[in-house]
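K.L.:
Pasting in a structure now, in structure tokens, and then I'll have a few things to ask.
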Amino acid sequence: MIPEATVEHYRKMQRLQSLGVLAARRAWAQVQGGLLSQSWQIILRNSELENALTLLQVKAAEAGAMYGAATLAQQGLYEAPQHFVNAEAFGGYASDGRSLDGLLYAAVPHTKNLIAGGMDVKDAVRRGGQFLEMVTQTTIGDAGRSAAGVDTAARKNIGYVRMLNPPSCSRCSVLAGRFYRWNNGFSRHPKCDCVHVQTTAKAAAETEGLTHDPYEYFKSLSAADQDRLYTKAGAQAIRDGGDIFQVVNSRRGMKPGGLMTTEGTTKRGNFREAAGDSTRGRRMTPEAIYKLNGNNRAAALKDLEKYGYILPGGQNPLGSITGQREGYGALGHGGAYNAARKRVEDAIKYGRDPAVRATMTEAERRLFDAKARWELVQQGVNPYGAPSMTRRAKVMASPLTPQIAAQVEKDYRRWVATGGQIF
């Protein structure tokens, strides 16, 4: 079963996000359609919206940093953190690094673009309010998720699985249930409400309650919801025995028109390796397959198999191609870089040293690199021309310019203020 602490955390995050949405809605209700920029600037200056959102972010970060201990304890897996999360660092910034003021003001250009596209002013203002509520909800959720990710990284041998909160999108459904280490970021989209369930690799593999089956989630939906979330052709392909991961991922490389996809067609792509030269490196989408074959289901099934959607391993909830596999982080290159791979393996066995770059989280690495660049600037060296700061072995040293120095300082200030987090 899902630990009750995780469920309670999800409910708390919903309450915090609801408070943020309500505050945004009340503020936007005062905006004047004929004076969008002026009225919204006055409202932001005189209201407490920005301060309220900052406080909600900090509260979300506190919740995200704290629920992991109880979640692990309820599984009998408690592991003390090596460091404690500073929740204050997660307030005052948007998910993309902008100030909250910049994020909140974004509702104005969004509304103006709708009006410029021909939408009625009243309808555009309503849609602008919905946009504001969406970014507010996402920003609060991101603060909680980011803090939970930092807390996960601070506990030896701990990772997480993704918990869905139906209804969930197709992308979230195929990400859920697998075990991820600290060096795998928590992928999310606007309004995503999935959360971490902290656990160990062994528990994730052995405990049925923590292993989400995307096929069971798919079957729990009505046919109409299956078509809506997975597309009509994608849902039909899954109902016809297609691999849910291949079907969903095919949309990532879909070309204009929706008939062809580049997913898996690279030299080392799963589809390219399996298909060989039989398709000349071209891969049809499920949409194209059903359109081409019409009512001939037998032919459609044959093409689904030919183009890598129906696999010999069947519908494996852990993936017929890769199964449940742990990666080696951003610097491990799939395990090909021996030094980075060895350090990740040692961190899994003996605990993680936050000072080792290969085992840092993405946030820690941003802050580490920003500090290193700033130290070089202080020495009068252009950090982007220094051999130690570039992947190229031979780089002609270029002089440090005032513009480069200013940019490095700006980046360093940003990552110090946010702890390297993007939110």
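The values are calculated or read from the model by the stated rules, or taken from the named source; none is laboratory data. The structure presented is a predicted model; accordingly, all values stated were derived computationally and were not measured. Methodologically, a virtual Cβ is constructed for each residue, glycine included, from the backbone with ideal geometry; neighbour enumeration extends over all protein chains shown.
K.L.:
Tally time: how many residues in segment 219-238 are surrounded by 14 or more Cβ atoms within 10 Å (Cβ to Cβ) and in a helix (DSSP H, G or I)?
P.N.:
Residues flagged as surrounded by 14 or more Cβ atoms within 10 Å (Cβ to Cβ) and in a helix (DSSP H, G or I) within segment 219-238 amount to 13.
K.L.:
So, Ala73, is that one under 22 Å from Arg15 (Cβ atoms) and in a helix (DSSP H, G or I) or not?
P.N.:
No: the conditions fail for Ala73.
K.L.:
In addition: So which of Val85, Val58 is in contact with a Gly (Cβ under 7 Å, 6 or more places away or on another chain) and either aliphatic (A, V, I, L, M) or closer than 17 Å to Arg145 by Cβ (or both)? First the steps, then the outcome.
P.N.:
Working: Val85 fails: in contact with a Gly (Cβ under 7 Å, 6 or more places away or on another chain).
Within the list Val85, Val58, the selection yields Val58.
K.L.:
Evaluate segment 101-119: report whether one residue or more is under 20 Å from the mean Cα position of the chain (by Cα) and without any contact (Cβ under 8 Å) to a residue 40 or more places away in the chain.
P.N.:
Checked against the condition, which is being under 20 Å from the mean Cα position of the chain (by Cα) and without any contact (Cβ under 8 Å) to a residue 40 or more places away in the chain, segment 101-119 yields at least one hit.
K.L.:
Also: For the list (1) polar (S, T, N, Q); (2) buried (at least 23 other Cβ atoms within 10 Å of the Cβ); (3) modelled with pLDDT under 80, I need the number of the one condition that Thr207 fails.
P.N.:
Here Thr207 clears every test but (2).
K.L.:
Residues of segment 53-86 being under 30 Å from Arg26 (Cα atoms) and without any contact (Cβ under 8 Å) to a residue 40 or more places away in the chain, which ones?
P.N.:
Leu55, the sole residue that qualifies.
K.L.:
Same structure again: Just the residues that are assigned to a helix (DSSP H, G or I), farther than 23 Å from Ala298 by Cβ and of a type outside the set (A, V, I, L, M), please, taken from segment 239-256.
P.N.:
Taking segment 239-256 first, the residues assigned to a helix (DSSP H, G or I) are 239, 244-249.
Restricting the remaining residues to those that are farther than 23 Å from Ala298 by Cβ gives 245, 248-249.
Result: Phe245, Asn249.
Condition check ((1) on the phi < 0 side of the Ramachandran plot; (2) touching an Asp or Glu at 6+ places or on another chain (Cβ under 8 Å); (3) surrounded by 19 or more Cβ atoms within 10 Å (Cβ to Cβ)) across all residues:
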{"site": "Thr71", "(1), (2), (3)": "yes, no, yes"}
{"site": "Pro81", "(1), (2), (3)": "yes, yes, no"}
{"site": "Ser99", "(1), (2), (3)": "yes, no, no"}
{"site": "His110", "(1), (2), (3)": "yes, no, no"}
{"site": "Val121", "(1), (2), (3)": "yes, no, no"}
{"site": "Gly128", "(1), (2), (3)": "yes, no, yes"}
{"site": "Glu133", "(1), (2), (3)": "yes, no, yes"}
{"site": "Thr139", "(1), (2), (3)": "yes, no, yes"}
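K.L.:
Among helices (runs of 4 or more DSSP H) lying entirely in segment 257-312, which contain 3 or more residues that are crowded, with 18+ Cβ neighbours inside 10 Å and at pLDDT 90 or above?
P.N.:
It comes to 286-293, 297-306.
K.L.:
Restricting attention to segment 389-423, and to residues there that are at pLDDT 75 or above and touching a Gly at 6+ places or on another chain (Cβ under 7 Å), which single residue is farthest from Lys371 (Cα to Cα)?
P.N.:
Filtering segment 389-423 for residues at pLDDT 75 or above gives 398-416, 420.
Still in the list and also touching a Gly at 6+ places or on another chain (Cβ under 7 Å): 398, 400, 414.
On the way: Ser398: 20, Leu400: 16, Arg414: 11 Å.
Ranking the candidates gives Ser398 first.
K.L.:
Output the number of the condition that Ala201 fails; it satisfies all remaining conditions of (1) hydrophobic (A, V, I, L, M, F, W, C); (2) within 22 Å of the chain's Cα centre (by Cα); (3) modelled with pLDDT of 85 or more.
P.N.:
Of the numbered conditions (1) hydrophobic (A, V, I, L, M, F, W, C); (2) within 22 Å of the chain's Cα centre (by Cα); (3) modelled with pLDDT of 85 or more, the odd one out for Ala201 is (3).
K.L.:
Return the only residue of Leu16, Leu36, Leu44 being part of a helix (DSSP H, G or I), surrounded by 14 or more Cβ atoms within 10 Å (Cβ to Cβ), in contact (Cβ under 8 Å) with a residue 12 or more places away in the chain and within 25 Å of the chain's Cα centre (by Cα).
P.N.:
The match here is Leu16.
K.L.:
Continuing with the same structure: Quick check on segment 144-159. Is at least one of its residues assigned to a strand (DSSP E or B), surrounded by 23 or more Cβ atoms within 10 Å (Cβ to Cβ) and at pLDDT below 80?
P.N.:
No, because not a single residue in segment 144-159 is assigned to a strand (DSSP E or B), surrounded by 23 or more Cβ atoms within 10 Å (Cβ to Cβ) and at pLDDT below 80.
K.L.:
I've got another one for you. Does Val135 fit the bill of being at pLDDT 80 or above and in contact with a His (Cβ under 8 Å, 6 or more places away or on another chain)?
P.N.:
Here the answer is no, as Val135 does not meet what is asked.
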